[in-house]
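Read through the structure below, which is laid out as structure tokens, and then see the notes.
The values are calculated or read from the model by the stated rules, or taken from the named source; none is laboratory data. Worth saying up front: this structure is predicted, and the values here are computed from it rather than measured. Virtual Cβ from ideal backbone geometry, glycine too; neighbours counted across all protein chains shown. Heavy atoms of the whole protein, side chains included, go into the accessibility calculation; ligands, DNA and RNA do not. Shrake-Rupley method; radii C 1.70, N 1.55, O 1.52, S 1.80 Å.
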Amino acid sequence: MLMKHLFFILCCATVILSCKESKKTVSDPQKPVYIDITSLEGDDNKVLPKYLETITEDELKEMLYVYASDEMEGRDTGEPGQKKAVEYLRNYYKENNIASGTPDGNYFQKVPKDFFRSNSVFNDSENVLAFIKGSEKPEEVLVISAHLDHVGKDSKGNIYNGADDDGSGTIALLEIADAFQQAIKDGYPPKRSILFLHVTGEEKGLYGSKYYAENPVYPLANTIADLNIDMIGRNDFEHPNDNDYVYLIGSDKLSTDLHNISAAVNMKYFNMNLDYRYNAENEPNRFYYRSDHYNFAKHNVPIIFYFNGVHEDYHKITDTPDKINYPLYQRRVKLVFATAWELVNRKDRPVVDKAVPRP
């Protein structure tokens, strides 16, 4: 995740000063109103739980151990390890009969080297796009995003595996796509379309998501929301013993509807601790502006950013798959899937009723 180094130093200082876990739970920034989240003509109570169960710890673990392995060489933007990573993603979608999201059917949206900042030494890179077409409103698209890159290797050849950052988000997209695909096989296609968007260059400055937002394959005016996942596999300094939390950022920034839907889905199916501390106005870490969702938000697309916070292995060679809290990781992936399910199947898309916050 981009530019968290300063926050990491501050967190370390906090841990030194206090060995106790904070017991404070930050309240919902805007109390959600009760809404009906029953989709599929009243069958949701029977249908959705079946596909939630297809999201398993074993599958998440198996794929993450591959994606965050030494073979991927740290997935540095434009480098050989990143090329291996995008091939892994494309092959997964092909093998599971999930269509390409690009017009040429290649799954890759090229991000040319001249799109990166001037005087950079980056090579051409690519976003990976997979697509499930909606059955009733195919022109309306929900984006589920995660960044596929990490920071590569150091001068000594040590590999930064990036299991949490953002292997956890990347593999979550694969597992969510598979859950939707299994529902389709049983006769429950989503009413709206879904774009599974794996973006490159996040660690270099949110370049892959910026490129997509400026060159969208599906019109941003028809994009109902972006659910962005960046680090959801670990416990952070604030929640070392809380195995049922996740930070939500941005859910109420543009759309009251989206915030209410998100809270209602959690209340009905999970009752997780949704921590909104980083969503506060003037929050010093400014995470709302620092991951790929913001390149959608600034174009008036409502977003939710799912995040586990910073931990001791952030941007270190010790961010490895064995450190992942797999039961908590699974719970978070299920939450995103259930929220996506509701968004693509409900009668109306979320209404944008607020102005875009600016940095």
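Working out 0.36 nm times the residue gap between Asn273 and Val356, then minus their Cα-Cα distance, what length gain in nm do you get to one decimal?
Contour length minus the Cα-Cα distance gives 27.2 nm.
Any of Lys137/Lys185; Lys50/Lys354; Lys137/Lys253; Lys156/Lys298; Lys191/Lys354; Lys110/Lys156 with alpha carbons more than 28 Å apart? Name them for me.
Violating the 28 Å Cα-Cα cut-off are Lys50/Lys354; Lys156/Lys298; Lys110/Lys156.
Using 0.36 nm times the number of residues separating Glu53 and Lys156, minus their current alpha carbon distance, what extension gain do you get?
32.8 nm
Considering all alpha-carbon pairs of the chain, what whole percent are spaced by more than 25 angstrom?
Beyond 25 Å sits 49 percent of the P(r) for the chain.
Between Asn243 and Asn119, what is the label-point separation in nm under the 7 Å Cα-to-beta-carbon projection?
Reported label-point gap for Asn119 and Asn243 is 5.1 nm.
Using just the Cα positions, wrap the stretch 100-149 in a convex hull and report its mean projected area in square nanometres, one decimal place.
4.5 nm²
Per residue, how much accessible surface does the chain expose to a 1.4 Å probe? Answer in Å², no decimals.
40 Å²
Could you work out what % of the accessible surface of the chain is carbon and sulfur, using a 1.4 angstrom probe and leaving DNA, RNA and ligands out of the count?
Its accessible area is 51 percent carbon and sulfur atoms.
Taking every pair of distinct Cα atoms and averaging 1/r, then inverting, what Kirkwood hydrodynamic radius in Å comes out for the stretch 235-359?
Value: 15.5 Å, from the Cα pair sum.
Using helices alone, I'd like the mean residue ellipticity at 222 nm for the chain: each DSSP H run of four-plus residues gives -39500 (n - 2.57), total over residue count, nearest 500.
Computed mean residue ellipticity for the chain: -10000 deg cm²/dmol.
Going out from 0 in 5 Å bins, what whole percent of all Cα-Cα distances in the stretch 105-243 drops into each bin?
2, 9, 16, 19, 19, 15, 10, 7, 3, 1, 0
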